[in-house]
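Data first, discussion second: the structure below is written as structure tokens.
Each reported figure results from applying straightforward, stated rules to the coordinates on display, with no laboratory input. The structure displayed is predicted, hence computed values, not measured ones. Cβ sites come from the backbone with ideal geometry, for glycine too, and all protein chains shown count toward neighbours.
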């Protein structure tokens, strides 16, 4: 999420940086990571589960012969959790599932008669097998299962596998596993990184290969998904988490600063941007971010992210602010203005939008808002939407042509096929016209 310099030239004089981001390069594919992932995928494709377990021992310290967690054990993972965490997980699961079910209800099959004797229709058919990766590195993202496993099940996916890495003590995070249980995972495995995605994609976990891989992860996980795309579908190419706030002089600098840091703490390469029509607010936010960083427990992460990838931009008017924000196309967009609806109506490029000062990104990140937090990054919102129930559904079309509709369709197909020089295509129509005449004569 950064401005294209050539595009910024079009706004000359109508904006200025109150805090420009540094010149450090944006996060991008590391050739060493790509090479390592390619080597691992090839080794696992050749060596099967033996290679998977070898990497699990080397990279995750996994010592047990089995990586699967049985259904009964998975169901008990919530028993030892603090009661407030367990209740919050159950609430987040229900909110996210509720929203996904409502999305599914609005994706309806249909059939229509386009012309006499020509009926065409569409059916929404779920993907049959999905593999969900649930990260648990520096921060165990507890809502990940809601957004991936749960939404896939709401779409009607029959088989959903979940993989999550072991922690330092050799066990998977129980809260991550309980989220997978609540979300309806059919099978769960303590398996991390590239080896987890490869095992699901190559069908090494006692299942057929999955048809689709979803879920966030580190650079190696993102690269593995990128290289496996084509063999399987993926949700989105992943990048560092992003946030942008569009605000005017009615916004509270404390809340804006907190929300910028709330996403910056995802990682040292996470961009956080403010575009404002108020230079006073912009300057206040810069000062407030510095103040909050002094006592923030995750300042070792959020601080470098803000220093290197944070920006504050003044725009001379609402139209300029909207145009600049559409150019950024952020993953998460907050609007805190006196006229949020006006700004919303003018914007086109964002992963998910949060309207008003009470709507922080964290409410969605943790599953409480119901919407999905798997969203496009690095400008992907210009052309793609986030993960939703529709991503797990294939809109499959069908057509049914009667004798009455054949004559009209066949003649047009003969004409087009003759022009193209595709004689066999034309013959399929010609033979049907002949059969139709022969039937009329009998």
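In the chain, the DSSP beta bridges split such that about 40 percent are antiparallel, to the nearest 5.
Connecting C-alpha atoms closer than 10 Å in a GNM of the chain, tell me which of 401, 221, 151 has the biggest fluctuation. Highest fluctuation of the listed residues: 401. Against the chain, whose longest principal axis comes from its Cα atoms, helix 219-228 is set at around 10 degrees. The length gained on full extension between residue 298 and residue 14, counted as 0.36 nm times the residue separation minus their Cα-Cα distance, comes to 98.7 nm. Once you keep just the Cα pairs under 8 angstrom separated by 6 or more residues, what percentage relative contact order results for region 402-441? The normalised contact order for region 402-441 reaches 42 percent.
Label sites at residue 252 and residue 290, each approximated as a point 7 angstrom past Cα along Cα to Cβ, lie 2.3 nm apart. Here residue 114 and residue 384 are evaluated by their C-beta separation; at R0 = 41 Å the FRET efficiency comes out at 0.85. Computed from Cα atoms, the angle from the helix 318-328 axis to the main principal axis of the chain rounds to 70 degrees. Sorting 1-8, 244-251 by average packing, meaning the other beta carbons within 10 Å per residue, from highest down gives 244-251, 1-8. Full extension of the chain between residue 317 and residue 438 yields a length gain of 36.3 nm, computed as 0.36 nm times the residue separation minus the alpha carbon distance. Geometric descriptor of the chain, per residue, is 204 Å³ (volume of the convex hull of the Cα atoms). As a length-normalised measure over Cα pairs under 8 Å and 6 or more apart, the relative contact order of the chain settles at 21 percent.
Helices in the chain, meaning DSSP H runs of at least 4 residues, each add -39500 (n - 2.57). Divided by all residues, the mean residue ellipticity at 222 nm is -13500 deg cm²/dmol. Peptides 124-137, 60-73 ranked from most to least packed give 124-137, 60-73, packing being the mean of other C-beta atoms within 10 angstrom over each peptide's residues.
Against the main long axis of the alpha-carbon atoms of the chain, helix 174-183 sits at an angle near 30°.
If you take the Cα centroid of region 114-135 and the Cα centroid of region 292-311, the two points sit 44 Å apart.
Stretching the chain fully between residue 46 and residue 85 yields a gain of 9.9 nm (0.36 nm per residue, less the alpha carbon separation).
Computed from label points 7 Å out along Cα-Cβ, the spacing between residue 427 and residue 34 is 4.6 nm.
FRET efficiency for the pair residue 355 and residue 2, taken as 1/(1 + (r/R0)^6) with r the Cβ-Cβ distance and R0 = 22 Å, rounds to 0.35. Mind telling me which of 120, 162, 51 comes out most flexible in a GNM of the chain, alpha-carbon contacts under 10 Å? Comparing 120, 162, 51 in a Gaussian network model of the chain, the most mobile one is 120. Extending 7 Å from Cα along the Cβ direction at residue 57 and again at residue 345 yields two label points whose distance is 6.5 nm.
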